[in-house]
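In what follows, a single structure is set out as structure tokens and then discussed.
Each value in this text was obtained by applying a stated rule to the coordinates, not by laboratory testing. Everything numeric here is computed off the predicted structure, so don't read it as measured data.
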Amino acid sequence: MSERHNPRRRFPRNLRTFLLAYHSAMSLLNYTLLAYDKAQALDDSPYRIPERKILLIAMFGGWPGVYIAMEKLRHKDRNEGFKTSMQLATVGHLGLCGVVTLPGIEGLLRVLYWIFVGESGSTAGVVGLLLAGLAGYYV
């Protein structure tokens with residue numbers, strides 16, 4: 001059965017599903033890398049994950065996993081240089097997504113507000129804001 005054209009839908013359903021799965025996988029990868037890096041840091045191991053690798057994955061969509069890991073694992077949350085680089089990587093990724101999908105600007109602005117103004121609220125609030133930003137350009 002063919003699907004009728006819906007002018008409000010910007011992307012086909014299969015592309016939206018792919019993008020959601022892609023961002024989820026990238027976030028899970030980055031969360032796992034930060035958890036591994038924290039374990040290595042606690043053992044004073046020389047086998048650490050370079051920050052540039054984490055930032056590169058974040059720039060390509062894995063930024064929610066980094067922010068969740070920073071809050072849950074308390075890893076790299078006091079490193080101001082890393083936090084600034086993460087903000088730039090996130091803004092770069094969301095800026096590209098906002099340009100590609102103009103209806104996502106409202107969600108983009110919500111996430112940017114959280115990144116720069118910040119709220120020391122619960123993890124649920126952080127995840128909610130991140131998902132609001134993602135949902136803004138999937139609709």
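General remarks:
- Here is the tail figure for the stretch 25-81: Cα pairs spaced more than 13 Å apart come to 55 percent of all pairs.
- Relative contact order [Cα under 8 Å, 6+ residues apart], the stretch 43-92, whole percent: 40 percent
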